[in-house]
């Protein structure tokens, strides 16, 4: 499979950090690093949230989005996750990528410069044309929502 080329720029506070990268050949997400000052770690108290800079901006091609997702290790070990999961970066956004983290844990969560804080998945987004109609096709589920399919088989 050929790579999709995504240009990016690095801000001054992001210099020296690794570019977003796929840690393994089979990884779907690109790891994102915290661009906090080396001498000033960010601390997120239990129950609190904060916006973490990454130090770069994207030039996504038309027809793509970037999804900012939690890292499973942070969730499992520290109860830290992204607050709006997944966060969406639209193809026409050119500002710095930030990650909103929330600490659901019982202890302060310390973010040091270069810590991997989230992952970014680049995904295609089709153009959608909404078409109003008076009726929809029938399905087995119908209008059943929130838990209507049950929790076990």
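The values are calculated or read from the model by the stated rules, or taken from the named source; none is laboratory data. Quantities reported herein were computed from a predicted structural model and do not represent experimental measurements. Don't worry about glycine lacking a Cβ; one is built from the backbone with ideal geometry, like all the others, and counts go over all protein chains shown.
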In the stretch 2-43, residue surrounded by the most Cβ atoms within 10 Å (Cβ to Cβ) [restricted to those that are closer than 16 Å to residue 101 by Cα and under 18 Å from the mean Cα position of the chain (by Cα)]:
32
Can we say residue 84 is part of a loop (DSSP other than H, G, I, E, B), under 13 Å from the mean Cα position of the chain (by Cα) and farther than 14 Å from residue 20 by Cα?
yes
Answer with yes or no whether residue 145 is in contact (Cβ under 8 Å) with a residue 12 or more places away in the chain, part of a loop (DSSP other than H, G, I, E, B) and more than 18 Å from the chain's Cα centre (by Cα).
no
Those strands (runs of 3 or more DSSP E) completely within the stretch 95-139 that have 3 or more residues that are surrounded by 15 or more Cβ atoms within 10 Å (Cβ to Cβ) are 96-103, 116-124
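Residue-wise test of (1) at pLDDT 95 or above; (2) in a loop (DSSP other than H, G, I, E, B); (3) touching a helix residue (DSSP H, G or I) at 6+ places or on another chain (Cβ under 9 Å); (4) closer than 15 Å to residue 120 by Cα.
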position	(1), (2), (3), (4)
2	no, yes, no, no
9	yes, no, no, no
13	yes, no, no, no
17	yes, yes, no, no
37	yes, yes, yes, no
40	yes, yes, no, no
43	yes, no, no, no
53	yes, no, yes, yes
Looking at the structure I just gave you, is residue 150 exposed (fewer than 10 other Cβ atoms within 10 Å of the Cβ), without any contact (Cβ under 8 Å) to a residue 60 or more places away in the chain and in contact with a strand residue (DSSP E or B) (Cβ under 9 Å, 6 or more places away or on another chain)?
no
Given the conditions (1) without any contact (Cβ under 8 Å) to a residue 12 or more places away in the chain; (2) touching a strand residue (DSSP E or B) at 6+ places or on another chain (Cβ under 8 Å), and given that residue 94 satisfies all but one, which numbered condition is not satisfied?
(1)
Quick check on my filter: what residues within the stretch 59-74 are assigned to a strand (DSSP E or B) and either under 11 Å from the mean Cα position of the chain (by Cα) or within 16 Å of residue 34 (Cα to Cα) (or both)?
65, 66, 67, 68, 69
Scan of the stretch 49-90 for residues that are free of Cβ contacts under 8 Å to residues at least 24 places away in the same chain and either surrounded by 17 or more Cβ atoms within 10 Å (Cβ to Cβ) or within 18 Å of residue 106 (Cα to Cα) (or both), ordered by number
72, 73, 75, 76, 77, 81, 87
